[in-house]
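Enquirer: Can you read through this structure? Questions will come right after.
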Amino acid sequence: MGFFSKDIKTLDDLFIHTLRDIYYAEKQIEKSLPKMIDKATDPQLKAGFEKHLTQTKGHIERVEQVFELHGVKAKTVNCPAIDGILAEADEVSGDVDDKEVLDAALIASAQAVEHYEITRYGTLIAWARQLGRSDCANVLARNLKEEEATDRKLTEIAESKVNLQAAE
């Protein structure tokens, strides 16, 4: 498990570590979304990113609620995975002159972020249930539902127009 494995002895320890991971990820996403909003040129995509920024603030609050329910301090652990996904998103969208291609790149990057979050929330929900913490699982399930809906909406925007326009 790497350098932090000495601190992880139980499923509960792993749950807390992963909760801190997604907490870090959500906070980094909250910082990155305004840049994506500024870069997006498609009005529907821009509006979707703005909506997701509001949702992300709610995700952070819900994760904090789970920390409280679980009786542990809300804090982050570095998450190299989300840092890499966000760095790649910034790099890929950095020098794209064609606005339609830029929007397609932004959607692809945003979906990489969503898929990371979906895997983390799905795992946390399963572990919370295994630990007998349906209260925590239910709160986390609300975040998962919103992440999945955002992913579907991004696919819809991409497939209905942005990718078509980028291919012209």
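Nothing in this text is a laboratory measurement; each read-out follows from the coordinates by a stated rule. Since this is a predicted model, take the numbers as computed values, not measurements. Glycine also receives a Cβ, built like all others from the backbone with ideal geometry; neighbour counts cover every protein chain displayed.
Enquirer: Please tell me which of these pairs span more than 25 angstrom C-alpha to C-alpha: Lys27/Lys161; Lys46/Lys145; Lys75/Lys145? If you can, show how the numbers build up before the last one.
Expert: Details: Lys27/Lys161 30 Å; Lys46/Lys145 21 Å; Lys75/Lys145 23 Å.
Distance filter (> 25 Å) returns Lys27/Lys161.
Enquirer: Something else now. In deg cm²/dmol, rounded to 500, what helix-only [θ] at 222 nm does the chain give when every DSSP H run of at least 4 residues adds -39500 (n - 2.57) and the total is split over its residues?
Expert: Values: 6 runs with 133 residues, N = 168.
Calculated from helices alone, the mean residue ellipticity at 222 nm is -27500 deg cm²/dmol.
Enquirer: At most 15 other C-beta atoms within 10 Å and a DSSP loop state: those are the exposed chymotrypsin sites (Phe, Trp or Tyr not before Pro) I care about. Give me the longest piece of the chain that has none. Intermediate values should be presented prior to the final figure.
Expert: Working: sites that count: Phe3, Phe4.
In the chain, the maximal stretch lacking such sites is 5-168.
Enquirer: Going through the range 31-112, which trypsin sites (Lys or Arg not before Pro) have at most 15 other Cβ atoms within 10 Å and a DSSP loop state? Write down the numbers at each step before the final one.
Expert: Numbers: sites: Lys31, Lys35, Lys39, Lys46, Lys51, Lys57, Arg62, Lys73, Lys75, Lys99; in loops: Lys73, Lys75.
Counting only loop positions with at most 15 other Cβ atoms within 10 Å, the trypsin sites (Lys or Arg not before Pro) in the range 31-112 are Lys73, Lys75.
Enquirer: Once phi is turned into ³J(HN,Hα) by the Karplus curve 6.51 cos²θ - 1.76 cosθ + 1.60 with θ = phi - 60°, what whole-Hz value does each residue of the range 23-38 show in order, with x for glycine and proline?
Expert: With the stated coefficients, the range 23-38 comes to 5, 4, 4, 4, 5, 5, 5, 4, 6, 7, 4, x, 5, 5, 4, 5 Hz.
Enquirer: Related question: May I ask for the distance between the Cα centers of the range 37-64 and the range 128-168, given as a whole number of Å?
Expert: 12 Å
Enquirer: Taking every alpha carbon pair in the range 1-109, what does the distance histogram look like in 10 angstrom bins from 0, in percent?
Expert: Whole-percent P(r) values from 0 Å outward: 13, 37, 28, 16, 5, 0.
Enquirer: Okay, moving on. For a bin width of 5 Å, list the pair-distance distribution of the range 43-168 built from all Cα-Cα distances, rounded to whole %.
Expert: With a bin width of 5 Å, the distribution comes to 2, 10, 17, 20, 18, 12, 9, 6, 3, 1, 0.
Enquirer: Using θ = phi - 60° and the Karplus relation 6.51 cos²θ - 1.76 cosθ + 1.60, list the HN-Hα couplings for the range 65-73 in order, rounded to whole Hz, with x at every Gly or Pro.
Expert: In residue order, the calculated couplings are 5, 5, 4, 5, 4, 7, x, 10, 5 Hz.
Enquirer: Let me ask something additional. Compute the distance in nm between two label points, each set 7 Å from the Cα along the Cα-to-Cβ direction, one at Glu91 and one at Glu50.
Expert: In this crude spin-label approximation the distance works out to 3.2 nm.
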